[in-house]
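Remarks on the structure that follows.
The values are calculated or read from the model by the stated rules, or taken from the named source; none is laboratory data. These figures come from a predicted structure and were not determined experimentally. As a convention, Cβ positions derive from the backbone with ideal geometry for all residues, glycine included, and neighbour counts pool all protein chains shown. When the accessible area is computed, the model is the full protein with side chains, heavy atoms only, and any ligands, DNA or RNA have been set aside. Shrake-Rupley method; radii C 1.70, N 1.55, O 1.52, S 1.80 Å.
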Amino acid sequence: MFIVINSELITDSDNVEEQNIDIIAEIVLRNLKNNGWNNILFMGRLPDLLYHRLKKLPFTFTVTDVDTYYEPQPENLVPYHSNVIIMNCADMKEFENALKKIVTFPYWHPLSNIILYYHAPYSKEVTAKIFFSYWYYRAINVVIVQYDETEKSMIISYYSPYMTENYKFENIFGCWTAKKIGMQIENFEKSFVCEMQCHNVTSYTKIRASHLGTCIGFVTVSLKNAKKVQYLNLLEDKGKNLHGFTFYAYSVEVIPFFRIVEHKNKTYTFYQRDAAIWNTMAKLLNFTIDITPAVNTLKQKFNFELYISQVFSFSQRKVDLILYPLYQFDLILAEVDYTVPYIDSGVCILSHRAGFQTIIFDVNLVEKNISIIIEFLICLICIWFVFFIYNTEQIGKVSLDQAGKDFINTIKSVLSISLYKPPKRGSFRIFLGITMWCFFILSFSVQAAIISLFSVYKKDKEVDTFEDIIRKGYDIEGIASPDVVLPDTEEKYRIISSKIKTVKDLFGCVKKMENDSRRFCLIDCAIGRYLERNMLNKKGTQFLHLASYARIHSHYLNMIFHKNSPLTENYNKYIMKLFEAGLIKKWMEYRYFDFKEEATVKSLGMNDLGGIFECYGYLLVISFIVFLFEKILGLIFWVKHKFYKNDRKIKNISLKSVLKIKLPKVTFGKSNEVNTSTQTV
């Protein structure tokens, strides 16, 4: 099937030899990609013989022309990526116009196999500049086919931008842009600079960073027989083996996922989860990492503005890699390739772990267990009654004073009865033994349930929802970005958003939380889960809690590459294998800090025994009140008894005084004399 756009199929007017067309067709047929891209894009006037040789392919053919560059582009085109792109250009000027046009075409893709049929005489400098032009537009699988009129043969050139000391092609050129990256490219001749050797771009220089400086290496082969094309590795997968190429990278230490250790010789070693991923990829894809561009920011506190600027610098290809993990943004601002996500995350709210409260008497718990309390009281009364019957049988009479002693003995001993004086009657011994064991079993089971009512520790409710956060009313600190903005649909979301305070340090809020529990911290959910499990306070205990139902959006954790990077596909294949093998989860099972050995066994302190002392204090107060009550009653009885005794004595004294009155003694006799002696009645 042929799709003709802005052009017509052109006949072979240039009288290109059939053998040369066979070579181009052979390159196409032997390097087709099995990636589902079923289109071949033709740019320029190509011989009908080439179409005839390729028509057996189950592909669509799209044809355009350089002459119609300034005409309006067709509308409503389906953007099928082209498996192969064939360009036919006469000179550098036509090549510039063709490339500028084709990169705007819907069927263009930088990772397609590109064949340039170039009619100008062969020149190493021009060839290097053409390859660098393709590299500027991220095209990496390029073959240049030229016809040598003198030798009557085809000259085939292919390149790689990943040159190292141990992997060099026969032609080496250092190339860069005359203007800084981001500036408009007006003319390929003036905008692209290439010179022999790569001494200007081999190290981290301004040319490499700001002018897309790179070392281009290419190989040129002369062929007269089309069948020999099969022996050339023209369009190999460049991202499969980098041959030790050094990638310059932005990096920052992100504990606990990416730790950087600096050595005395100014080299660096990466540790922990993300470091294990990059170290593994470096071995599998055969490349090395140089973090020279980021030496000043490796150990700095998290600076949101700095790292966003690094992302945009990376998208402009000032460096080759970004090592710290990123997320797929809701609004994509930078053109980058996201890799396969290897963990889900988002923005969560970190709080202090809910503490334990010492509860002496829990009213709600008492209400729920009122039946157990009644059983316990009945059991206690029955035990008291057994003591009372036992002692009554021993002393042979009923005594209220003994009943009080039995009650105290019941509370104090709780069935720890010492029968040092067995009952006098044998039948009562049997009754007492059965009764004691029955009450012992009943009291034991009831006391096991009643213990929880006194001096217990009850854990507070954890902060898990937005409502819990609003109820606490604490400020929320964190690095605020568009990803943490809640929708303005509910009142609780508006309240949460109004409480967010922006800070620059990612872990500053978490460090403050160790000594201040009245705060919330916005944190990446994946980081929060590790901090919750692994970060310990000075006592060696976990003190953080991550809200379960207060997640702000959800994201997936990715690495990023340049847009249409040749590394992305191979990276994704390996990361999927690592994920399915469980290695990434294994790398995540590290500790933020080492647990202290003594933290596993925690001795009881005064705070833990506080409930017992409070109960003891209450009992002392109650006992003191009872003691005072008894003393007051005793004093009242003593006063009454004293008053009664004195009153009776007074009555006795008054009666005696009456009975002991001395009266004159009168004697009646013979004479008339009166006897005046007294007589006591």
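When the pairs 240/318; 563/585; 266/586; 461/499 are compared against a 25 Å limit on Cα-Cα distance, 563/585; 266/586 fall above it.
Using a probe radius of 1.4 angstrom, the carbon and sulfur fraction of the accessible surface of the stretch 481-564 is 49%.
Other residues lying with their Cβ under 12 Å from the Cβ of residue 238 contribute a combined charge of -1, Lys and Arg counting +1, Asp and Glu -1. For residue 289, the amide hydrogen comes within under 5 Å of the amide hydrogens of 247, counting only partners 5 or more places away or on other chains and with H modelled in the peptide plane. Here each label is just a point 7 Å from Cα along the line to Cβ, and for residue 633 and residue 32 those points are 11.0 nm apart.
Peptides 278-286, 627-635 ranked from most to least packed give 278-286, 627-635, packing being the mean of other C-beta atoms within 10 angstrom over each peptide's residues.
In order along the stretch 490-495, phi translates into HN-Hα couplings of 10, 5, 5, 5, 5, 5 Hz, rounded to whole numbers, per the Karplus curve 6.51 cos²θ - 1.76 cosθ + 1.60 with θ = phi - 60° and x for Gly and Pro. Protection proxy ranking, highest mean first, for peptides 336-347, 258-269, 506-517: 336-347, 506-517, 258-269, where packing is the per-residue count of other beta-carbon atoms within 10 Å, averaged. Leaving out ligands, DNA and RNA, what percent of the accessible area of the stretch 99-234 is carbon and sulfur, probe 1.4 Å? Answer for the stretch 99-234: carbon and sulfur cover 50 percent of the accessible area. Is there a pair in 100/179; 168/228; 93/179; 129/179 whose C-alpha atoms are over 21 Å apart, and which pairs would that be? In this structure, 168/228 lie more than 21 Å apart at Cα.
Computed from phi, the 3J(HN,Hα) profile of the stretch 540-546 under the Karplus parametrisation 6.51, -1.76, 1.60 (θ = phi - 60°) reads x, 10, 6, 9, 10, 9, 9 Hz, with x in place of Gly and Pro.
About its Cα centre, the stretch 208-317 has a charge dipole of approximately 380 debye under the convention of +1 per Lys or Arg Cβ and -1 per Asp or Glu Cβ, with nothing else charged. Close amide H pairs (under 5 Å, H built 1.01 Å from N) link residue 501 with 476, 477, 478, residues at least 5 positions away or on another chain. For the stretch 52-66, 3J(HN,Hα) computed residue by residue from phi via the Karplus equation (6.51, -1.76, 1.60; θ = phi - 60°) reads 5, 5, 9, 5, 6, 6, x, 10, 8, 10, 10, 10, 9, 9, 5 Hz, glycine and proline entered as x.
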